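Asker: Once you've had a glance at the structure underneath, I'll fire off some questions.
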Amino acid sequence: MVITKKKKEKKSKPVARAKAKYTAYSVKEASELMDFLMNKIDGISRTTAKSLLSKRMVMVDNVIRTQYNHPLKPGM
């Protein structure tokens, strides 16, 4: 006869999930991504803008961009 010990099941607690929150901007004149971010977001420092890029939090045309000097064209 084999007796196995039943593992205690942990009760699963509901996990709070972050809501998808984003802001969309349209490009009206040609510029680099870093300059565009600093002009559009009030009070953002260069360090904060680079942090957003390095954490992969910026998308251009539905593609994540991390390069600060990515060229932007009107209509993007």
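The numbers here are math on the coordinates, done by the rules we state, and not lab data. In this text the structure is predicted, and so the values were computed from the model without any measurement. All Cβ positions, even for glycine, are placed from backbone atoms using ideal geometry, and neighbour counts span all protein chains on display.
Asker: Calculate, for K73 and I44, the FRET efficiency according to 1/(1 + (r/R0)^6) with r their C-beta to C-beta distance and R0 22 Å; round to the nearest 0.05.
Answerer: The value I calculate is 0.50.
Asker: With the crude spin-label approximation of a point 7 Å out along Cα→Cβ, what separation in nm comes out for E29 versus D61?
Answerer: Reported label-point gap for E29 and D61 is 2.2 nm.
Asker: I need the phi-derived Karplus couplings for the stretch 66-76: 6.51 cos²θ - 1.76 cosθ + 1.60, θ = phi - 60°, integer Hz, Gly and Pro marked x.
Answerer: 10, 7, 5, 9, 4, x, 10, 10, x, x, 6
Asker: Can you give me the long-range amide H partners of H70? Hydrogens built in the peptide plane at 1.01 Å from N, cutoff under 5 Å, separation of 5 or more residues or another chain.
Answerer: Placed amide hydrogens put L33, M34 under 5 Å from H70.
Asker: Tell me, what HN-Hα J-couplings in whole Hz come from the Karplus equation 6.51 cos²θ - 1.76 cosθ + 1.60 at θ = phi - 60° for each residue of the stretch 50-57, using x for Gly and Pro?
Answerer: 5, 5, 4, 5, 5, 8, 6, 10
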